[in-house]
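Written out below as structure tokens is the structure these notes cover.
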Amino acid sequence: MEWLANPDISVIVVNWNRRELLRACLESLARQTGAGFETILVDNGSTDGSVETAEREFAGRPELGLRIVANRENRGFCAANNQGIACARGRFIALLNNDAEAGPGWLAALQGALAGSPDVGMAASKILVWEAPSQIDKVGHLIYPDGQNRGRGSGEQDLGQYDAVEEVLWPDGCAAMYKRAMLDQIGGFDEDFFAYGDDAELGLRGRIAGWRCLYVPSAVVRHHRGATLGLGSARRLELIERNRVLLAAKLFPWSLLWLNGAYYAARLSAGAWAAVRGQGEIRSYPGIRGKLRAAMALLKGDLGALRMLPRMLRKRAALREIRKLTPRQVRELILDNRISLRALSRQAA
């Protein structure tokens with residue numbers, strides 16, 4: 001097919017030891033309609049036969065245009081996506097998690113949103129929970145002023161309340177599309193983040209550079225939540241905590257950054273109260289031992305962020321080259337897309 005030689009869209013799927021989920025993900029891409037695309041599978045050193053399965057079952061299917069990048073080790077979500085971006089040929093770069101399955105019109109809907117406006121550099125999907133498809137996982141993102149971000153609408157029943165195309169803060173990296181022109185200008189994922197919060201950093205950096213993000217409700221994806229490390233993983237919680245500090249240090253205006261500790265204390269207090277009632281992130285860490293494990297993960301995350309602060313501050317200074325929004329405009333953007341403390345304390349990341 002001629003479009004395979006010069007595809008409009010490059011879809012990047014990062015995988016690590018999720019062979020069966022990967023199979024379902026690639027099958028969903030094979031069912032796409034109305035879009036010319038290539039698929040770039042970046043495997044992070046899987047040992048479960050993921051690469052062999054992809055080669056055997058999908059490499060010969062022209063509708064996928066599959067290319068495989070096989071790493072010897074797990075390089076993380078950020079580095080793997082950057083590898084995919086580096087070899088992508090499309091004007092539009094789509095990301096799809098290996099634990100997600102896209103509806104047939106997913107790519108065409110996102111491409112339509114990006115092609116229509118020159119200043120729209122990102123498009124967000126309607127992401128539903130795979131196990132409960134009437135429940136929303138994320139429809140774009142919100143953020144708390146300490147740097148912690150959460151999915152917009154997370155946990156709500158999908159009753160049509162998010163069925164309009166509208167501007168949102170940034171897309172979730174589980175199922176997103178970016179203009180290549182934006183990525184060429186601002187750069188790809190910050191590999192210091194490794195995983196978690198990386199899409200938030202990229203999205204907010206894009207907003208600071210003057211790009212907008214549209215949410216596209218007809219771009220539907222179903223997502224297995226927490227399939228990478230598991231919702232009760234201490235490592236996952238550590239990375240989330242570390243990266244929310246790094247994001248704030250790198251991108252937040254000083255007027256919010258000075259208040260970070262106060263916002264963080266308020267969020268921890270609200271989270272502790274929610275945990276008493278069996279709600280929020282900490283409910284995934286049951287019992288006294290689980291709570292201690294979670295507390296240690298948070299502490300390790302903060303210490304890890306402290307060690308990396310000098311590097312983030314250097315990157316912060318380098319943002320002058322791409323900055324379009326003033327610090328005041330960035331503050332307004334964050335506060336206008338702020339998640340309430342009550343909602344945040346009741347949700348899991």
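Just one residue in the set 100, 94, 80 is buried (at least 23 other Cβ atoms within 10 Å of the Cβ), under 16 Å from the mean Cα position of the chain (by Cα) and under 15 Å from residue 8 (Cβ atoms); that residue is 94. Of the residues making up segment 121-158, those that are in a strand (DSSP E or B), of a type in the set (Val, Ile, Thr) and buried (at least 19 other Cβ atoms within 10 Å of the Cβ) are 127, 136, 143.
Yes or no: segment 7-28 includes at least one residue that is part of a strand (DSSP E or B), more than 21 Å from the chain's Cα centre (by Cα) and either modelled with pLDDT of 95 or more or more than 28 Å from residue 120 (Cβ to Cβ) (or both). No - not one qualifying residue is present in segment 7-28.
The conditions of being at pLDDT 95 or above and loosely packed, with under 14 Cβ neighbours inside 10 Å are not met by residue 289.
If you go through segment 15-35 one residue at a time, do you hit one that is touching a Lys or Arg at 6+ places or on another chain (Cβ under 8 Å) and surrounded by 21 or more Cβ atoms within 10 Å (Cβ to Cβ)? Within segment 15-35, none of the residues are touching a Lys or Arg at 6+ places or on another chain (Cβ under 8 Å) and surrounded by 21 or more Cβ atoms within 10 Å (Cβ to Cβ).
For segment 159-182, filtering for residues that are in a strand (DSSP E or B) and on the phi > 0 side of the Ramachandran plot leaves 0.
Of 202, 256, all but one fail to be surrounded by fewer than 21 Cβ atoms within 10 Å (Cβ to Cβ) and either assigned to a helix (DSSP H, G or I) or touching a residue at least 40 places away in the same chain (Cβ under 8 Å) (or both); the exception is 256. Taking (1) closer than 30 Å to residue 327 by Cβ; (2) within 16 Å of the chain's Cα centre (by Cα); (3) in a helix (DSSP H, G or I) in turn, residue 245 satisfies each apart from (2).
Taken over segment 109-156, the criterion of being β-branched (Val, Ile, Thr) and in contact with an Asp or Glu (Cβ under 6 Å, 6 or more places away or on another chain) is satisfied by 127, 129, 136. Within segment 43-77, restricting attention to residues that are part of a helix (DSSP H, G or I) and at pLDDT 95 or above, the residue that is farthest from the chain's Cα centre (by Cα) is 56.
Look at residue 273 and say whether it is farther than 30 Å from residue 111 by Cβ, at pLDDT 95 or above and surrounded by fewer than 18 Cβ atoms within 10 Å (Cβ to Cβ).
On the way: farther than 30 Å from residue 111 by Cβ: yes; at pLDDT 95 or above: no; surrounded by fewer than 18 Cβ atoms within 10 Å (Cβ to Cβ): yes.
When the stated conditions are applied, residue 273 does not pass them.
Restricting attention to segment 103-116, report how many residues are surrounded by fewer than 19 Cβ atoms within 10 Å (Cβ to Cβ) and assigned to a loop (DSSP other than H, G, I, E, B). The total comes to 3. What do you reckon, is residue 44 assigned by TED's automatic domain parsing to the domain that holds residue 113 and more than 22 Å from residue 221 (Cα to Cα)? Spelling it out, residue 44 is indeed assigned by TED's automatic domain parsing to the domain that holds residue 113 and more than 22 Å from residue 221 (Cα to Cα).
The values are calculated or read from the model by the stated rules, or taken from the named source; none is laboratory data. Computed from a prediction, not measured in an experiment: that's the story for all the values here. Virtual Cβ from ideal backbone geometry, glycine too; neighbours counted across all protein chains shown.
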